[in-house]
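Take a look at the structure below.
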Amino acid sequence: MPTRDQVHAALAEVQDPEIRRPITELGMVKDVRIDGGAVSVAVYLTVAGCPMRDEITGRVTRAVQALQGVTSVRVELDVMSDEQRKEMRAKLSGPEREIQFTKPGSLTRIYLIASGKGGVGKSSVTANLAASMVARGLSVGVVDADVYGHSIPRMLGATGNPTMVEGLIMPPTGHGVRVISMLPFKPGGVTQAVTWRGPMLHRALQQFLADVWWGDLDILLVDLPPGTGDVAISAAQLLPHAEVVVVTTPQEAAAEVAVRAGMVAKETSQRVAGVIENMSGFPCPHCGEVVDIFGSGGGQKVANVLTRALDTDVPLLGRIPFDVRLREGGDSGAPLVLAEPAAPAAEVLRGIAERLGMRPRGLTGISLGLTPASRF
């Protein structure tokens with residue numbers, strides 16, 4: 001016959017599917033009853049109608065069934081009280097709403113994905129970079145900060161509604177990437193327009209960063225709207241240690257505008273991690289010859305200009321060839337790097353993701369816990 005200690009030890013290995021913490025740590029285990037080999041476990045759900053109720057039930061059942069001497073497992077579900085939810089929220093993020101990425105000791109590397117103008121494929125690049133990084137075993141989140149023109153949820157297949165726990169937002173996931181955007185907060189859905197000015201945009205971004213349960217992320221990608229407006233400035237203020245990645249196309253006009261997006265880093269004292277050239281050439285499906293539909297050399301030009309202007313090395317991270325499947329994957333929620341991994345564009349994207357995702361973070365903003373030694 002299993003003991004209560006054995007059952008509790010088994011439950012300590014069960015993680016909440018959304019929060020990804022042990023249910024014992026979150027106070028979700030209400031009661032355990034043992035009658036011979038029959039075990040009953042009462043579990044608190046965070047909210048009534050929790051979409052993960054069946055998954056939680058299955059995880060608890062499998063964990064307890066694996067114990068020697070267990071003949072049957074019954075899982076009873078209840079719902080947390082308001083006070084219990086407040087206690088759980090305090091455990092997760094503290095009593096005050098803070099941006100976890102700015103706390104001393106945060107090891108999350110943050111990239112602001114920027115462009116000077118729309119139509120360069122910035123969001124497609126962001127979605128595929130995120131999927132590539134997850135495939136490499138990294139924990140990744142994406143903030144779709146393009147409040148007016150959000151598109152990341154569709155591109156990553158993360159169009160579900162988040163779960164709310166005492167004001168804490170559990171974001172939906174797509175292909176293992178945690179995603180937050182304006183989509184679930186618009187009663188009218190994808191067709192509803194957002195007509196906000198600067199202060200509201202700043203508040204929305206602040207909420208995406210402070211009120212969302214991100215967990216322990218390795219990488220946070222922030223998909224900025226085109227240009228150098230309110231959101232770009234707010235992102236720099238709220239995430240001062242973030243690095244900027246500039247996306248452009250090869251054409252001269254796009255490159256000139258992209259330089260301005262990178263130059264914002266000079267005003268905000270941020271680092272530009274590099275430049276990505278998208279739609280760099282189209283291989284003919286018949287003869288294989290590369291046709292430069294949008295010209296050539298724009299990405300390298302942006303990198304060179306920013307290197308001189310910022311007095312630091314700004315590399316060209318990669319040149320992504322034009323591939324209609326990149327657009328098709330965005331429409332269907334199947335990123336190219338996963339759906340067509342052998343495609344030349346997918347290979348370049350994976351290479352960029354590896355360069356950005358596997359670089360060790362510096363010591364800026366990290367508390368080392370060191371105390372000066374006394375000289376006497």
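The values are calculated or read from the model by the stated rules, or taken from the named source; none is laboratory data. For clarity, every value in this text was computed on a predicted model and none was experimentally measured. Cβ placement follows ideal geometry from the backbone for every residue including glycine, while neighbour counts extend to all protein chains displayed.
Tabulated values for the structure
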item	result
All positions within region 179-192 that are within 19 Å of LEU221 (Cβ to Cβ) and in a loop (DSSP other than H, G, I, E, B)	SER181, MET182
Candidate set from region 135-153 (those that are modelled with pLDDT of 90 or more and either out of contact with any strand residue (DSSP E or B) (no Cβ under 9 Å at 6 or more places or on another chain) or in a strand (DSSP E or B) (or both)); member that is surrounded by the most Cβ atoms within 10 Å (Cβ to Cβ)	VAL142
Qualifying position, being aliphatic (A, V, I, L, M) and touching a Phe, Trp or Tyr at 6+ places or on another chain (Cβ under 9 Å), among ALA204, ALA210	ALA204
In region 298-355, the residues that are over 20 Å from the mean Cα position of the chain (by Cα), basic (Lys, Arg) and assigned to a helix (DSSP H, G or I)	LYS301, ARG308, ARG325, ARG327
Members of region 155-199 found to be more than 19 Å from ALA127 (Cβ to Cβ) and among the basic types (Lys, Arg), listed by number	LYS186, ARG197
Number of positions in region 332-355 that are more than 23 Å from VAL246 (Cβ to Cβ) and in contact with a helix residue (DSSP H, G or I) (Cβ under 7 Å, 6 or more places away or on another chain)	5
Search result, residues across region 140-157 that are within 30 Å of ASP82 (Cβ to Cβ) and touching a residue at least 60 places away in the same chain (Cβ under 8 Å)	GLY141, VAL143
Residue count for region 62-96, restricted to those that are out of contact with any strand residue (DSSP E or B) (no Cβ under 7 Å at 6 or more places or on another chain), in a loop (DSSP other than H, G, I, E, B) and surrounded by 15 or more Cβ atoms within 10 Å (Cβ to Cβ)	1
Odd one out for LEU220, checked against (1) under 25 Å from ARG350 (Cα atoms); (2) modelled with pLDDT under 90	(2)
Candidates MET170, MET164, MET200, MET133, filtered to the one that is free of Cβ contacts under 8 Å to residues at least 12 places away in the same chain and among the aliphatic types (A, V, I, L, M)	MET200
Candidate set from region 223-256 (those that are surrounded by fewer than 19 Cβ atoms within 10 Å (Cβ to Cβ) and among the β-branched types (Val, Ile, Thr)); member that is modelled with the lowest pLDDT	THR228
Where a residue in region 36-56 is farther than 16 Å from LEU11 by Cα and its partner, wherever it lies, is of a type in the set (S, T, N, Q) and in a loop (DSSP other than H, G, I, E, B), with Cβ under 6 Å and at least six apart	GLY37/THR71
Given (1) within 20 Å of ALA235 (Cβ to Cβ); (2) of a type in the set (A, V, I, L, M, F, W, C); (3) touching a Lys or Arg at 6+ places or on another chain (Cβ under 7 Å), index of the condition VAL165 fails	(1)
Selected residue (criterion: nearest to the chain's Cα centre (by Cα)) from residues of region 152-178 that are among the hydrophobic types (A, V, I, L, M, F, W, C) and closer than 22 Å to ALA334 by Cβ	VAL177
